[in-house]
Amino acid sequence: MNYQGKITSRLPFAGTSIFAVMSGLANEVGAINLSQGFPDFPVSMELVDLVNHYMRQGFNQYAPMPGVLALREAIAAKAFDTFGITYDPATEINITAGATEAIFCVITAMIHPGDEAIIIEPAYDSYAPAVQLCGGVVRYSSLRVPAYTINWPEIESMISSRTKMIMINTPHNPTGSVLSAEDLKHLDRITRNTNIVVMSDEVYEHLIFDGIRHESACYYPELAGRSFVIGSFGKTFHTTGWKTGFIMAPAILMAEVRKVHQFVVFASNTPIQYAVADYLKNKENYLQLPAFYQQKRDLFVSLVKESRFRIIPSHGTYFQLLDYSAISDEKEMDFAVRITREFGVASVPVSPFYHDKQDNKVLRFCFAKTEETLVKAAEILCKI
Ligand code: PMP
Ligand code: GLN
């Protein structure tokens, strides 16, 4: 087929997402895939049975536009329990087709042409394109290496009357760093009495280690009053393929997001929402996650300690950064591709998470894998 017309791309600089590229390469060459973030172990059969149950019971038609009420109620109960915050399930919680849809709807509901959004890099790949599609302007701040901490003076210097949104992500993909209470208080202070809204991407809220408390925007009432807090059951219940996420926000902000959500997917899929609502009632299903993933992180770290890679501490998410500057001075993308092809372990370069492709000789490895996979991968990494 041949299209003869002229196309002016709305995202001229967007290529294919690095996750698709590296997973595709891993599949092509049969490498162990520690690139795209997803678990390689089975999902809870109880949860699968619940989905099955609701499908068999006939819950197969459109869900209500904002999501199944039982799930919104379960999310409200969990937020109250965890953070002591009250969200109204009727007006302040919305179920989305994964956190990806949540992010897109929040940004497109808020950003007008010319508005500025502050993104802290390295940043998840879907934030900036959504701003650009709205005709917004992205202002980029960088986390300070080597600990990947926020540069608050830089962010403050970027704030102007045009600033509409600041996006944060904790625990942080791709670095595994986590924000502190001081960070959240800082954000609270600098956005108070402004028209700036905050998008707080907390999809890894339960994947946090070393006894650290997850610093949600929900803990800080003023901040929560101007924040969209985003979560994902793909992360929490090892079901990335189910694409079920949620947003919590004050009603007046949520009303705007729903205007967009209804035209993006209308509603997220029905039986999974009912199943997750039931599954959330047993708190153990998420409270055991820090210990579960910390054990995987510790195993992976202990195994690659003997390698020539340098370990950059990960306190949350299911990602571990490894610095390879002692091995090669190749660019991250080149090195990631070469070790996938030559050695059979796929990872994700961090440079695509920077708009200027900043190259710090670091790769991201996903440790949401079985012990067997981690042992095999680490054996290979130790030979590089
Ligand atoms: N934000 C971050 C930081 C992520 O790592 C992911 C995972 N892909 C998402 C959002 C999107 O989550 P989902 O798979 O639920 O769309
Ligand atoms: N969040 C996952 C990652 O960072 C995958 C995201 C995706 O495939 N879009 O690897």
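With a simple spin-label model that places each label point 7 Å from the Cα along the Cα-to-Cβ direction, the separation between ARG341 and GLU73 comes to 5.7 nm.
Summarising the amide proton neighbourhood of THR149: residues at separation of 5 or more, or on other chains, whose placed amide H is nearer than 5 Å comprise ARG144. When SER157, SER142 are arranged by Cβ crowding within 10 Å, least crowded first, meaning fewest neighbours, the order is SER157, SER142.
Between VAL345 and ILE32, THR340, the built amide H atoms are under 5 Å apart, and every one of these is 5 or more places off in sequence or on another chain.
Close amide H contacts of VAL197 (hydrogens built in the peptide plane, cut-off under 5 Å, sequence separation of 5 or more or a different chain): MET165, ILE166.
Residues considered: CYS218, CYS134, CYS366. Largest GNM mean-square fluctuation over the chain, using C-alpha springs under 10 Å, is found at CYS134. Other residues within the sphere of radius under 11 Å centred on the Cβ of MET158, judged by their own Cβ, net out at -1 (K and R +1, D and E -1). The stretch 314-381 and the stretch 242-286 have Cα centres spaced 32 Å apart.
So, counting K/R as plus one and D/E as minus one, what does the shell of residues with Cβ under 13 Å around ASP115 add up to?
Values: positive: ARG139, ARG162, LYS164; negative: GLU116.
Counting the neighbours of ASP115, the net charge comes to +2.
Order of 5-17, 289-301, 174-186 by packing, highest average Cβ count within 10 Å first?
Details: 5-17: 8.3, 289-301: 17.8, 174-186: 19.6.
The peptides rank, most packed first, as 174-186, 289-301, 5-17.
Label zone (MET65, point 7 Å along Cα-to-C-beta; backbone nitrogen cut-off 18 Å) within the stretch 241-279: 247-270. When LEU381, LEU143, LEU34 are arranged by Cβ crowding within 10 Å, least crowded first, meaning fewest neighbours, the order is LEU143, LEU381, LEU34.
Ranked for footprinting exposure by Cβ neighbours inside 10 Å, fewest first, HIS261, HIS112 give HIS112, HIS261.
Could you calculate the FRET efficiency of HIS53 with PHE263 from 1/(1 + (r/R0)^6), where r is the beta carbon distance between them and R0 is 22 Å, rounded to 0.05? Show your work: numbers first, answer last.
Values: r = 31 Å, r/R0 = 1.42.
So the FRET efficiency works out to roughly 0.10.
Note that the stretch 232-247 has calculated 3J(HN,Hα) couplings of 9, 6, x, 6, 5, 10, 6, 10, 4, x, 8, 6, 10, x, 7, 10 Hz, one per residue in order, obtained from phi through the Karplus relation 6.51 cos²θ - 1.76 cosθ + 1.60 (θ = phi - 60°); glycine and proline are x. Span-like helix check, the chain: qualifying full DSSP H segments, with Cα axial length of 18 Å or more and mean Kyte-Doolittle of -1.0 or more, are 69-83, 98-110, 251-264, 289-304.
Each value in this text was obtained by applying a stated rule to the coordinates, not by laboratory testing. Being a predicted model, the structure only gives us computed values, none of them experimental. Every residue, glycine among them, receives a Cβ derived from its backbone with ideal geometry; neighbour counts consider all protein chains shown.
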